[in-house]
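Single-structure report; data block below.
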Amino acid sequence: RKHNQTRVLKLKLSHAALAELLRRCACKHGGGGSKGRVQWDPARDLMTTDGREPRRMLRERAIQIGLSRELSIQYVASVLEIQDVTKLARRVG
């Protein structure tokens, strides 16, 4: 969560829609297209926070995807569900 964000939303897509977006992105370690970029970040263990910063998971990764305007339009059109996860994001930090 960034300091100036007021809401954090979780967007649900179908597996097929996400697979198509990823297929058109460039990955740091080869493959993919050039309409977006995929980056792997350490996952975080939300169950052990107890008010502290979440522990980084060494064997799991979280995906971060940057999309071009064209893929952003496709992404928005593919959304099946939107959920407000602002409270969770504030707890995580």
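Residue count for segment 28-46 satisfying the condition of being at pLDDT 65 or above, closer than 18 Å to L71 by Cβ and surrounded by 15 or more Cβ atoms within 10 Å (Cβ to Cβ): 4. Count of segment 5-22 residues, restricted to those that are under 17 Å from L67 (Cβ atoms), surrounded by fewer than 12 Cβ atoms within 10 Å (Cβ to Cβ) and free of Cβ contacts under 8 Å to residues at least 60 places away in the same chain, is 2.
Going through segment 66-93 one residue at a time, which ones are part of a strand (DSSP E or B), among the hydrophobic types (A, V, I, L, M, F, W, C) and either over 17 Å from A17 (Cβ atoms) or touching a residue at least 60 places away in the same chain (Cβ under 8 Å) (or both)?
First pass over segment 66-93, keeping only residues part of a strand (DSSP E or B): 66-67, 81-84.
Narrowing the set further to residues that are among the hydrophobic types (A, V, I, L, M, F, W, C) leaves 67, 82.
Selection gives I82 alone.
So if I check each of R56, R52, which one is in a strand (DSSP E or B), of a type in the set (K, R) and at pLDDT below 65? Even if it seems obvious, please write down each step before you answer.
Numbers: R52 fails: in a strand (DSSP E or B).
So the residue among R56, R52 that is in a strand (DSSP E or B), of a type in the set (K, R) and at pLDDT below 65 is R56.
The values are calculated or read from the model by the stated rules, or taken from the named source; none is laboratory data. No experiment lies behind these values; they were computed from the predicted model shown. FYI the Cβ positions are ideal-geometry reconstructions off the backbone, even for glycines, and counts take in every protein chain you see.
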